[in-house]
1. Where residues in region 207-218 are of a type outside the set (S, T, Y) and part of a helix (DSSP H, G or I), which of them is surrounded by the most Cβ atoms within 10 Å (Cβ to Cβ)?
2. If only one of D177, D199 is open to solvent by 60 Å² or more (accessible area, probe 1.4 Å), farther than 15 Å from F135 by Cβ, among the acidic types (D, E) and at pLDDT 90 or above, which one is it?
3. Given the conditions (1) farther than 30 Å from A164 by Cα; (2) open to solvent by 80 Å² or more (accessible area, probe 1.4 Å); (3) modelled with pLDDT of 75 or more, report the number of the one that D8 does not fulfil.
4. Please enumerate the residues belonging to region 67-106 that are surrounded by 13 or more Cβ atoms within 10 Å (Cβ to Cβ) and under 23 Å from H32 (Cβ atoms).
5. Considering every residue within region 71-92, establish whether at least one is at pLDDT below 75, of a type in the set (D, E, K, R), more than 30 Å from Y215 (Cβ to Cβ) and out of contact with any Cys (no Cβ under 6 Å at 6 or more places or on another chain).
6. Is at least one residue of region 243-263 within 24 Å of T154 (Cβ to Cβ), assigned to a helix (DSSP H, G or I) and in contact with a Ser or Thr (Cβ under 7 Å, 6 or more places away or on another chain)?
7. Would you confirm whether or not region 125-140 contains a residue that is of a type in the set (S, T, N, Q), closer than 28 Å to N258 by Cβ and buried (at least 17 other Cβ atoms within 10 Å of the Cβ)?
8. Taking the residues in region 32-62 that are in a helix (DSSP H, G or I) and of a type in the set (A, V, I, L, M, F, W, C) as candidates, determine which candidate is surrounded by the most Cβ atoms within 10 Å (Cβ to Cβ).
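The values are calculated or read from the model by the stated rules, or taken from the named source; none is laboratory data. All of these numbers come straight from a predicted model, not from anything done at the bench. Methodologically, a virtual Cβ is constructed for each residue, glycine included, from the backbone with ideal geometry; neighbour enumeration extends over all protein chains shown. Surface areas here come from the heavy atoms of the whole protein model, side chains and all, with no ligands, DNA or RNA. Shrake-Rupley method; radii C 1.70, N 1.55, O 1.52, S 1.80 Å.
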Amino acid sequence: MTHRPADDADLADGLTVGAVAALAGVTVRALHHWDSIGLVRPSERTDAGYRRYTAADLGRIHRVLVYRELGVPLTDIAELLDAPGADAMASLRRQRDQLRERVAELQRMGDGLDRMIEARTSGILLSDEEQMAIFGGNWQPSWPGQARDRWGDTAQWAQYAERAAGRTAEQWQRISDAVAALDAELVAAHRAGVMPGSDRANALAERHRASIGVYFDCTHAMHVCLGRTFTTDPGFAAHYDGMATGLSAWLRDIIDANARANGIDPASARWT
């Protein structure tokens, strides 16, 4: 709020709307609007019909500016200025409570942005100890950071971070339990000789794709690309083949067969 005080010479014959606008640091248009809604009406008019503001009018404008800086809507400001003392106090308390609620909301939004920033950086908002407890003794807390270094500029990492920012340790535990249950079913199906392309294999492939979708949206083509890494990436291959010999290749095959059933040629699938 920027305005300068008017001296006695200014106010002797009242002030024009332009002079008041300059003094109060508002626009002429704003003063016209305040006049039209009855918020601040000039007390005088010249013989030619031009608005003339008195010292009392300037005082009211100053009070309007104070309330406006506090975020009070113009309609409520009129109520505050014209209400009896008790009613004005109740209105002020209501405005204060609304402002505090807004401050709390902004704080929550700020906290959410902090979590988003941290998730973009670390990949997962859990301590090393929590990660080990939830994901098992073979889990390496350095893996999320490695994933960030490898895929941090991708849309999928952005999705992963957005989702990770809102997850609690309990939610991560449920995700981990679901993955463990799916892995056990994959091992059992592989050992039972379930053929790629069968209904059971396709259902398992879809569940596996859905398990990736917990982190980021995964198309069938993207799933095929991931399936390739299960046999070519030493870390992935060791993970799956450590559960059952040949599981990595079988998982890749059921992913490919499921992709074909959904109109995707695995040979030409791309990360899209």
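1. The qualifying residue surrounded by the most Cβ atoms within 10 Å (Cβ to Cβ) is H208.
2. It is D199.
3. Failed condition: (3).
4. Selection gives Y67, R68, V72, L74, D76, I77, A78, E79, L80, L81.
5. yes
6. Yes, region 243-263 contains at least one residue that is within 24 Å of T154 (Cβ to Cβ), assigned to a helix (DSSP H, G or I) and in contact with a Ser or Thr (Cβ under 7 Å, 6 or more places away or on another chain).
7. no
8. I61
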